[in-house]
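Since every read-out is calculated from the coordinates, none of them should be taken as a lab result. As the structure is a computational prediction, the values presented were derived from the model and not from experiment. Please note: Cβ atoms are built from the backbone with ideal geometry, for glycine as well, and neighbour counts cover all protein chains shown.
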Amino acid sequence: MKSGGGRPPRDPVDPEPAVHEMVCEAETPDEMLFVCTDSACGRKVVLGKSVPGLTAVVRGDFSARHIGSHGGPAFGDVTIA
Ligand SMILES: [Zn+2]
């Protein structure tokens, strides 16, 4: 009879979502590229300036809240490319 080796308990989903800060990595007159500073996440979004809108290039950690680094736009409502 085997004993031990039970399944490791899975952490339930953290009730408090992590907050990741996004910084502007590149900018053109029309668009800004924001990347998440959390290396395990790696979310990238393109923020349109001439045509307002957010497009997620890399979805990253979908459960985390993403905020702009300088009181910029919230990154909650994005379009997945
Ligand atoms: Zn992130």
Sorted by Cβ neighbour density within 10 Å, fewest at the top, the residues ASP38, ASP30: ASP30, ASP38
With a Förster radius of 25 Å, plug the Cβ-Cβ distance of GLU16 and THR37 into 1/(1 + (r/R0)^6) and report the FRET value to the nearest 0.05. 0.85
